[in-house]
Structure formats: C-alpha cells, structure tokens
Amino acid sequence: GLLAFMSAFHIGGQTSESSDKKGVFQFVQDQPAGKVILIIISAGLLCYCIWRLIQTFLDTEKKGKDLKGIARRAAYFFSGLTYLSVFIFSVRFLMDGAKKSGGSSKQDLAQNILSQPAGQWLLAGVGVAMAAIGIYQIWYGNSEKYRKHVNVQDLGETASHSLLRAGKIGYIARGLVWLIIAFLFIKAAMNNNASQAGDTSSAFSFVQQGSFGSYLLAALALGLICYGVMNFTRAAFERFR
C-alpha cells in the first residue's frame, strides 16, 4: 500500500512496476537494519504458514468435516501454501538478492498453464477463480464478517469504529486488486499471451494508465494501507481457539 501510494506520485522515484513482492523486499532491505527486518518478516511469514496448517489439520476454528467445513479448511491450507511460497521467496531474496530472485511469478504461472492442452481455457478458468476471490473479498468487507475474529468489546469505542471502517475499506481495496489481476489473466488467455498476465504491480500499472490514474491508484493504495492497519489490530485482539 505504501509503495503503491509512492508510485502514484513518483515519490522517491518509486514506480508501480517496482511495487511487487520483490520491490517490497528491496524497499525494506534498503532501510537501516533492513536485513534484520527482512529476517523478522520471514520468520513471521513462516509462523503464519504454520498457523494456517494448524487451523487446517487440528480444526481449531471448529469448521467440522462436512462439505462446507472441508472447503473452509482447504482454503486455510492453500493460504498456508501461499505464504510458504512467499517465505521461500524471502529466504532466496536474503541469500541471493533481487537479481537472482526471479521475475514475475504470475507470468511464469500463466506461461506454464498456456503450454498445457486447452491452456487458454485453463488460464481463463484461473482468471474467473481470481475474480470470484475478488468478489468474495468485497462482500466479506462490506458485510463486516471480519469482526467475528476480534474481541471488539476489548477495544474502546473509537478503536472499534476505526477497526471496522479500516477493515471494510481494506477488504474492498484488496478485492479490487484481485479483480484487476483476474481481468489481466483473462485478457492473457483470450490473446494467448502470458506476458499480459500480471501481479499486483501490473494491477497498479493498469490503474495508473487510466484517466485520473494517479489519484485512483493513490485511493487504492490508501485502501490497502487500511487493510494493513486492520490486520495489525486483529493481530493484537484476535480470538484464538
């Protein structure tokens, strides 16, 4: 969110192209004690992965073994795998630096899918699945479902109100990013061109290229910052079972 906001107005020479996962790690590493901070972040990513796997296999959220419960626990599992991949990326970044940490993983994924039989249809299916995630994120935020995870009564009235507002704005912003990435994947499938798929930096570039793009990107960035604020609050007041 911070890097996207900076790239909207080219603060510090920041661009949307360098606001992806690699750009985030590079930005952190360039700060004082950057490597130490990256090590702490990497440890946090690994812990988050372990937490998701505990939720999956020990069913700490009491989702049960019916179809709906298994689907929810599967979502925890794939969330854990996603953050495990980011943890691995962060370790490689710490060891090898930005030059050897690889290119766009989303474009590599798109290229691998397109190389399969019926690859265009498969890639379009991935895009539709991403769009479904984006719509779900927007619905989840607008309905304030996230509040059930937090002991709201432990917060003051102002803090509680801020949490709910930041969560709603943050989830909607996150959902919009998912929808833009989904559009890029579907476009790549229609044109049989993996280079048109992209990650968050591609989504930021897409927004910035439109009318009033810098202001729209800044608004989206502030929404993502709200998502971060909401999660810091959740981390302090989460209902752990």
**Report entry** Contact order relative to length of the chain, as percent, for alpha carbon pairs under 8 angstrom and 6 or more apart
**Finding:** 26
Query raised in the report: Which of the aspartates and glutamates could a cross-linker bridge to residue 106, judged by Cα under 15 Å and excluding same-chain residues fewer than eight apart?
Result: 17, 20, 199
Report task. Tell me which label goes with the value of log10 I(q)/I(0) by the Debye sum over Cα atoms at q = 0.07, 0.16, 0.18 Å⁻¹ computed from the coordinates here: (i) -0.25, -1.46, -1.68; (ii) -0.21, -1.21, -1.53; (iii) -0.25, -1.19, -1.43. Result -> (i)
Query raised in the report: Sorting 25, 237, 206 by accessible area (1.4 Å probe), largest first, what list results?
Result: 206, 237, 25
Query raised in the report: Ignoring ligands and nucleic acids, what accessible area does residue 139 show with a 1.4 Å probe (Å², nearest 10)?
Result: 130
Requested in this report: Pull out the extension gain between residue 39 and residue 15, defined as 0.36 nm times the separation in residues minus the alpha carbon to alpha carbon distance; nm, one decimal.
Outcome: 6.1 nm
Query raised in the report: In debye, nearest 20: dipole of the stretch 26-71 around its Cα centre with unit charges on the Cβ of K, R (+) and D, E (-)?
Result: 160
Requested in this report: Please tell me which of these pairs span more than 29 angstrom C-alpha to C-alpha: 22/148; 21/68; 22/168; 65/187; 35/148; 21/187?
Outcome: 22/148; 21/68; 65/187; 35/148
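The values are calculated or read from the model by the stated rules, or taken from the named source; none is laboratory data. Please read all numbers here as calculations on a predicted model, not as lab measurements. Because the Cβ atoms are built from the backbone with ideal geometry, glycine has one as well, and the counts that use them run over all protein chains shown. To get the accessible areas, we keep the full protein, side chains included, count just its heavy atoms, and leave off ligands, DNA and RNA. Shrake-Rupley method; radii C 1.70, N 1.55, O 1.52, S 1.80 Å.
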